[in-house]
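**Student:** Have a look at the structure that comes next, please.
The values are calculated or read from the model by the stated rules, or taken from the named source; none is laboratory data. Since we're looking at a predicted model, the values are computed, not measured. Backbone-built Cβ (ideal geometry, glycine too); neighbour counts: all protein chains shown. All accessible areas refer to the heavy atoms of the entire protein, side chains included, with ligands and DNA or RNA removed. Shrake-Rupley method; radii C 1.70, N 1.55, O 1.52, S 1.80 Å.
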Amino acid sequence: MADEALVVIDLQNDFCPGGALAVAGGDEIVPLVNDMIRRTDHVVLTQDWHPAGHSSFASSHPGAQPFSTIEMPYGPQTLWPDHCIQGSLGSDFHSGLAWTKAELVIRKGFRPAIDSYSAFFENDHTTPTGLAGYLRERGIDTLTLVGLATDFCVAFSALDAVKQGFRTTVRLDACRGIDLNGSLETMLAKMRDAGVTLEDHTSG
Ligand code: VGL
Ligand code: ZN
């Protein structure tokens, strides 16, 4: 029997309505994610966790607008509004999230000069967060991913998860996306092509 973990991506105040980088309907997934937490033995949470002045913030680049793209040493980087600053209210998990069962909270995006969408690797695709090693040491080979945002941190995490050899499912009904310049369709196709199982259990 495969050992499975539920990985809840960035279900934080800043990605929910009212937050600094609000994802439409981001808070709607909380009850479903809580059900899934209750039904899963092993739960891992990720937490976007940036120092003030992080290089992924438009405010760190004079004249740059949020949601524009710049070239970083590691490739193109979307610039975001300031969000998920370490220790801020916006960086807290949504207050309704049943987070206490989590066995691991993996923080990412804490290096000032590099962003980290994926739970596994920073945006240079080479600096590891340690999550793959943690899961392997614990004998976990099967992952279900949920959370925010479908087309950024969830998708990057899912693509790295399959690359790292994990059997990977994304529950789309327990995710919400940003959809910047068609990013949702693009990333859904990339996940499908890479062998990520995309499931939507929405009834009706
Ligand atoms: C995310 C943009 C910037 C995410 C994090 O959680 O999808 N997106 N930081
Ligand atoms: Zn971020």
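**Student:** Calculate for the chain the 222 nm mean residue ellipticity that helices alone would give, adding -39,500 (n - 2.57) per DSSP H run of length 4 or more and normalising by residue count, nearest 500 deg cm²/dmol. Numbers along the way, then the final one.
**Tutor:** Working: 4 runs with 37 residues, N = 204.
My calculation for the chain gives -5000 deg cm²/dmol from helical runs alone.
**Student:** Are there trypsin sites (Lys or Arg not before Pro) in segment 21-124 that DSSP puts in a loop and that have at most 16 other Cβ atoms within 10 Å, and which ones?
**Tutor:** Taking segment 21-124 and a limit of 16 other Cβ atoms within 10 Å, the loop trypsin sites (Lys or Arg not before Pro) found are ARG39.
**Student:** Could you work out what % of the accessible surface of the chain is carbon and sulfur, using a 1.4 angstrom probe and leaving DNA, RNA and ligands out of the count? Please report the intermediate quantities before stating the final value.
**Tutor:** Working: 4760 of 9100 Å².
Ligands and nucleic acids excluded, carbon and sulfur give 52 percent.
**Student:** Next question, about the same structure. Do any chymotrypsin sites (Phe, Trp or Tyr not before Pro) in segment 46-78 lie in a loop, going by DSSP, with at most 14 other beta-carbon atoms within 10 Å of their beta carbon, and if so which?
**Tutor:** PHE67
**Student:** What is the Å³ per residue value for the convex hull set by the Cα atoms of segment 1-75? Don't skip to the end; give the middle numbers.
**Tutor:** Working: hull volume 10.7 nm³, N = 75.
In segment 1-75, the Cα convex hull volume per residue is 143 Å³.
**Student:** Which cross-chain or sequence-distant (5 or more) residues have an amide H under 5 Å from the amide H of ASP141, H modelled 1.01 Å from N in plane?
**Tutor:** ASP3
**Student:** If I build a Gaussian network model for the chain, linking alpha-carbon pairs within less than 10 angstrom, which residue out of THR100, THR142, THR169 has the largest mean-square fluctuation?
**Tutor:** Its mean-square fluctuation being the largest, the pick is THR100.
**Student:** Could I ask something else about it? Could you provide, to the nearest whole Å², the per residue accessible area of segment 159-204 with probe 1.4 Å?
**Tutor:** Result: 56 Å² of accessible area for each residue.
**Student:** Please give the contour-minus-distance gain from LEU180 to ARG138: 0.36 nm per residue of separation, less the Cα-Cα distance, rounded to one decimal in nm.
**Tutor:** Between LEU180 and ARG138, full extension yields an extra 11.5 nm.
**Student:** Taking every DSSP beta bridge with both residues inside the chain, roughly what % is antiparallel (nearest 5)?
**Tutor:** Approximately 20 percent, going by the DSSP bridge assignments.
**Student:** Quick one: Cα centre-to-centre distance for segment 143-187 and segment 58-116, in angstrom?
**Tutor:** A separation of 16 Å, based on Cα centres.
**Student:** What is the calculated FRET efficiency for GLU199 to ARG107, with r their C-beta to C-beta distance and R₀ = 35 Å, to the nearest 0.05?
**Tutor:** It comes to 0.80.
**Student:** If you take the square roots of the eigenvalues of the alpha-carbon gyration tensor of segment 65-204 and sort them as a ≥ b ≥ c, do you get rounded (a/c under 1.5), prolate (a/b over b/c) or oblate?
**Tutor:** Details: a/c = 1.23, a/b = 1.15, b/c = 1.07.
The shape class here is rounded.
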